[in-house]
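See below for the structure under consideration.
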Amino acid sequence: MARALLILPLLLLAPALGPAAVPDSRPDFRDVDGAVRAAVESGDIPGAVIVVGRGDDVLLHRAWGARRVLPDPAPMTADTIFDIASLTKPLGTTLAVMALVERGTLALDAPLGRYVKEFDTAAHAQITLRRVLTHTAGFPATPPNPTVQGGFPGAAQALARLPLEYPPGSAFQYTDTGFILLGEVVRRVSGQPLDRFLERNFWKPLALRETSFRPAAALRPRIAPTEWAEGRLLWGEVHDPRARLLGGVAGHAGMFSTAGDLARLCRMLVNEGALDGTRVLRATTIRTMWQRSPDGNGTRALGWDMSSVFARIMSPFFPTDSVGHTGFTGTAVWIDPASRAWMLMLTNRVHPSGGGAARISELRTRVAAAVGAALFQSPLPLDTGGASPAADAPVEAPVPRPGGVRSGLDVLVGQGFASISGHAVGLVTNQTGIDARGRRGADLLNAAPNVRLQAIFSPEHGLGGDLNADVPHGRDAATGKPVWSLYGPTRRPTPAMLKDVTLLVFDVQDVGVRYYTYLTTLVYVMEEAARQSIPLVVLDRPNPITGRVVEGPLMDPDLGSFTAPHTIPVRTGMTMGEFARMVAAERRIPVALTVIAMEGWERSIWYDDTGLPWVNPSPNIRSVTQALLYSGIGLLEATNLSVGRGTDRPFEVVGAPWMDGPAVAAALQALRLPGVGFEPVTFTPSGDRYARTPCSGVRIRVTDREAIRPVTIALALARELRARHRDQWRPESVQNLLVNRSTMWAFLRGEPLDRLLIWAEKERSIFLNRRASYLIYR
């Protein structure tokens, strides 16, 4: 039977899961249905069950596709039993640990060795239960199979012999090892195996009748099998190999359950420990469990994810301080404690032959985005920032200064290198690090009197600015100095790289856009310079698209990444030096920072009015116009659109094989947005997305660069694509670079452009006030 014939949407009545209100303003979950249908029809997953609720109200409970395709096909039903994989960690093991903490038999900050004697050693003294729960204990991600073969207590001895991979509390690494040990902690402290403890303290009191570690044979017909392993189909047997070696009961994986049972767990959790009059945990215990931990990089709660790299496929669509987890078999749970909203996604994506990791990530993102847009909305701001003279007042075309603008490098050379005299310099630079005469800064520093060029560090695209992949280490042919890559396996200068460096100098041309990665490289250099007590000098350069205009939403603070370095808008309106001053102050980086300012530059000056030579800052930004458009159109490039990479007009053309370019161009032109015109175009990229495939699209013509607002153009284009190509365009990845929940929710809800712009600009006036004290130029 074809999978497409097995799509059976089942909207169940609420009483199947408990009382549910169905208000007149019932959330719109059409995009959830569309996302799951598409995944089933394309063969990405056999089937799925999804439940969404708020408090005790179940708003959605549906099944799609097939429970199994082998050995005999069967349709998915809402009561299918799933191997929930790593959801065992938050919905099983963590609850057991917190119950014992509540009783006083465990202490979160006690060493693991207090409860598992094999770890009562000096080497493990800093491993606390809190650090194990937050994956910051230093354990390897996955223990070798022989260490757990045969089970406990032998497994404890073998695991204790494994070397730690980092000092406890200093980093984050998701690990099964720690949760395997937590399962043993529960057994030793309570005197009951983990499954028995959970059954007595949670499953039976909460009436979870179909949750277990080793489901009974009678339930087999309703279980979704996973894949073939060890010569058999895993059907009612745990998928995780280490959990199988431990007999099917383990702290990291092994639970089986239904959407209905897990929905009852979620309801208990958002009700702070109680369900239907039965209390299993205190409210204070739930709150403690969901507090963000400071250990590692501060992205985890106790047993739950918040904003780690693993959460990025879902957390950007749920409010800040929401919690959740995913599981290898294609499962996920996400909860917002403040609104008491929750969602469950259960699939058997590994059936029948494994694989599909990338596709399940896309489905999780699409479902989380649809649920988030349906459930959440920030308060509409009363003060939208308005038109600010500092940001939007009309200006006359800048008058070129006599002699032009002098970059920070030019000023340093003019001072005879006095600011860096006597130092062994580590220079962070690339092809843009040249003076007004086109001479490389690396060569100038290498020849400077009383200065020793010790090493060179290169950001994304490498020292020559021509790479579109990870950058290897190398050696500079002209100076003979080592070139350390800051865009490879490590993106920070390490102590070994900084050996014998007494001063760091940063000289890289930015483009004035938050998601351009040179900003993050600067932040990382500042942080590592502070750690090693090395002073840092930033040689300032112009913001090529002026420092006058600020546009786009601020990054949500918990969504920082390599393309989201700080809580600034999309179009920053700052130079590198000004950004460095802001970051040092606001993040309290104790770095000895000096900014060598430009001479002759003012905020209204575009790069092509400076008199400085233009060097492409990266392979696909070849002009000031492309840098300007990148500040908006770049938001769309993570989606299934071509933004012109692989053509001679990157960011000036946008299209796709499925796009109706003439219709989209006409609709955008009708908006009469200032400073821009749109016309239909057909193009064929030579590389990148849709390589050698004809694309229909839109050409963006800048008619007035003072008036154009590229972020507004991107949002207008996104709205038009969503309206005309809802089934073809995948917009969820816009959030990768937008990183602002309020704006993304408003866009996914289909709000009109004027309201969407209110969301996008709602914090601009706050940012302008923040920015003011760090500005260097008028």
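The values are calculated or read from the model by the stated rules, or taken from the named source; none is laboratory data. Since this is a predicted model, take the numbers as computed values, not measurements. Here the Cβ positions follow ideal geometry from the backbone for every residue, glycine too, while neighbour counts run over all protein chains shown. Please note that ligands, DNA and RNA were not included when accessible areas were found on the heavy atoms of the full protein model with its side chains. Shrake-Rupley method; radii C 1.70, N 1.55, O 1.52, S 1.80 Å.
Looking only at region 624-642, count every residue that is aliphatic (A, V, I, L, M) and in contact with a Phe, Trp or Tyr (Cβ under 6 Å, 6 or more places away or on another chain) and tell me the total.
Within region 624-642, residues that are aliphatic (A, V, I, L, M) and in contact with a Phe, Trp or Tyr (Cβ under 6 Å, 6 or more places away or on another chain) number 3.
Filtered by the rule that a residue be in contact with a His (Cβ under 9 Å, 6 or more places away or on another chain) and open to solvent by 10 Å² or more (accessible area, probe 1.4 Å), region 258-294 gives a lone residue, Gly260. In region 278-296, the condition of being free of Cβ contacts under 8 Å to residues at least 60 places away in the same chain and touching a Lys or Arg at 6+ places or on another chain (Cβ under 7 Å) is met by no residue. Restricting region 308-336 to residues that are hydroxyl-bearing (Ser, Thr, Tyr) and open to solvent by 10 Å² or more (accessible area, probe 1.4 Å), the residue that is modelled with the highest pLDDT is Thr326.
Taking Arg764 as the residue in question, decide whether it is open to solvent by 10 Å² or more (accessible area, probe 1.4 Å), in contact with a Ser or Thr (Cβ under 6 Å, 6 or more places away or on another chain) and of a type in the set (D, E, K, R). No. Against the list (1) crowded, with 21+ Cβ neighbours inside 10 Å; (2) assigned to a loop (DSSP other than H, G, I, E, B); (3) modelled with pLDDT under 95, the condition Asp383 fails is (1). Just one of (1) assigned to a loop (DSSP other than H, G, I, E, B); (2) over 26 Å from Ile360 (Cα atoms); (3) at pLDDT 95 or above fails for Asp295. It is (3).
Please indicate, with yes or no, whether at least one residue in region 591-608 is surrounded by fewer than 20 Cβ atoms within 10 Å (Cβ to Cβ) and assigned to a strand (DSSP E or B). Checked region 591-608: at least one residue is surrounded by fewer than 20 Cβ atoms within 10 Å (Cβ to Cβ) and assigned to a strand (DSSP E or B). Say whether the condition of being under 24 Å from Ile621 (Cα atoms), surrounded by fewer than 23 Cβ atoms within 10 Å (Cβ to Cβ) and of a type in the set (Gly, Ala, Ser) is met by at least one residue in region 467-475. There is at least one residue in region 467-475 that is under 24 Å from Ile621 (Cα atoms), surrounded by fewer than 23 Cβ atoms within 10 Å (Cβ to Cβ) and of a type in the set (Gly, Ala, Ser).
For region 447-465, taking the residues that are outside any strand (DSSP E or B) and farther than 16 Å from Ile434 by Cβ, the one that is nearest to the chain's Cα centre (by Cα) is identified as Glu460. Screening Val97 with (1) closer than 14 Å to Arg188 by Cβ; (2) of a type in the set (A, V, I, L, M, F, W, C); (3) assigned to a loop (DSSP other than H, G, I, E, B) gives one miss only, at (3). Filter region 486-530 down to the residues that are assigned to a loop (DSSP other than H, G, I, E, B) and of a type in the set (Phe, Trp, Tyr), then identify the one that is most open to solvent (accessible area, probe 1.4 Å). My answer is Tyr487. Among the residues making up region 609-636, those that are touching a residue at least 24 places away in the same chain (Cβ under 8 Å), open to solvent by 10 Å² or more (accessible area, probe 1.4 Å) and part of a loop (DSSP other than H, G, I, E, B) are Gly611, Leu612, Pro613, Val615, Asn616, Pro619, Asn620, Arg622. Taking the criterion of being assigned to a helix (DSSP H, G or I) and more than 26 Å from Ser561 (Cα to Cα), the residues of region 688-736 that qualify are Glu720, Leu721, Arg722, Ala723, Arg724.
Here's the yes/no breakdown for (1) at pLDDT below 95; (2) open to solvent by less than 10 Å² (accessible area, probe 1.4 Å); (3) assigned to a helix (DSSP H, G or I):
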residue: Thr147; (1), (2), (3): no, no, yes
residue: Pro163; (1), (2), (3): no, no, no
residue: Thr177; (1), (2), (3): no, yes, yes
residue: Gln192; (1), (2), (3): no, no, no
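Of the numbered criteria (1) over 37 Å from the mean Cα position of the chain (by Cα); (2) open to solvent by less than 20 Å² (accessible area, probe 1.4 Å); (3) of a type outside the set (Gly, Ala, Ser); (4) within 20 Å of Leu612 (Cβ to Cβ), the one Val428 fails is (1). The condition of being in contact with a Phe, Trp or Tyr (Cβ under 7 Å, 6 or more places away or on another chain), surrounded by fewer than 17 Cβ atoms within 10 Å (Cβ to Cβ) and at pLDDT 95 or above holds for Pro657. Checked against (1) in contact with a Lys or Arg (Cβ under 9 Å, 6 or more places away or on another chain); (2) surrounded by fewer than 20 Cβ atoms within 10 Å (Cβ to Cβ), Leu182 passes all but condition (2). Would a scan of region 387-409 turn up a residue that is hydroxyl-bearing (Ser, Thr, Tyr), modelled with pLDDT under 95 and either surrounded by fewer than 19 Cβ atoms within 10 Å (Cβ to Cβ) or not in a loop (DSSP other than H, G, I, E, B) (or both)? Scanning region 387-409 turns up at least one residue that is hydroxyl-bearing (Ser, Thr, Tyr), modelled with pLDDT under 95 and either surrounded by fewer than 19 Cβ atoms within 10 Å (Cβ to Cβ) or not in a loop (DSSP other than H, G, I, E, B) (or both). Collect the residues in region 111-133 that are in a helix (DSSP H, G or I) and either touching a Gly at 6+ places or on another chain (Cβ under 7 Å) or under 12 Å from Leu181 (Cα atoms) (or both), keeping them in residue-number order. Within region 111-133, Leu112, Gly113, Lys117, Glu118, Phe119, His124, Leu129, Arg131, Val132, Leu133 qualify. Looking at region 53-67, which of its residues are crowded, with 23+ Cβ neighbours inside 10 Å and in contact with a Phe, Trp or Tyr (Cβ under 7 Å, 6 or more places away or on another chain)? If the condition is that a residue be crowded, with 23+ Cβ neighbours inside 10 Å and in contact with a Phe, Trp or Tyr (Cβ under 7 Å, 6 or more places away or on another chain), then Gly53 is the only one that fits. Each residue in region 531-546 was checked for being crowded, with 24+ Cβ neighbours inside 10 Å and of a type in the set (Gly, Ala, Ser), and 0 pass.
Here's the yes/no breakdown for (1) under 23 Å from Val238 (Cβ atoms); (2) open to solvent by 50 Å² or more (accessible area, probe 1.4 Å); (3) assigned to a helix (DSSP H, G or I); (4) touching a residue at least 40 places away in the same chain (Cβ under 8 Å):
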site: Asp72; (1), (2), (3), (4): yes, yes, no, no
site: Asp79; (1), (2), (3), (4): yes, yes, no, yes
site: Leu87; (1), (2), (3), (4): yes, no, yes, yes
site: Gly92; (1), (2), (3), (4): yes, no, yes, yes
site: Glu102; (1), (2), (3), (4): no, no, yes, yes
site: Asp109; (1), (2), (3), (4): no, yes, no, no
site: Gly138; (1), (2), (3), (4): no, no, no, no
site: Pro143; (1), (2), (3), (4): yes, no, no, yes
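Could you please let me know if Ala229 is at pLDDT below 95 and surrounded by fewer than 18 Cβ atoms within 10 Å (Cβ to Cβ)? Here the answer is yes, as Ala229 does meet what is asked. The residue pairs whose first member lies in region 410-429 and is farther than 23 Å from Val483 by Cα, whose second member is among the basic types (Lys, Arg) and buried (at least 23 other Cβ atoms within 10 Å of the Cβ), and whose beta carbons are closer than 6 Å, counting only pairs six or more residues apart or on different chains, do not exist in this structure. Against the condition in contact (Cβ under 8 Å) with a residue 60 or more places away in the chain and within 28 Å of Thr575 (Cβ to Cβ), how does Pro731 come out, does it pass? For Pro731, the condition - in contact (Cβ under 8 Å) with a residue 60 or more places away in the chain and within 28 Å of Thr575 (Cβ to Cβ) - is not met. Name the single residue, out of those in region 194-218 being touching a Ser or Thr at 6+ places or on another chain (Cβ under 6 Å) and open to solvent by 20 Å² or more (accessible area, probe 1.4 Å), that is nearest to Glu272 (Cα to Cα). Filtering first and then ranking leaves Pro205.
Under the condition of being in contact with a helix residue (DSSP H, G or I) (Cβ under 8 Å, 6 or more places away or on another chain) and open to solvent by 10 Å² or more (accessible area, probe 1.4 Å), the residues counted in region 547-560 number 4.
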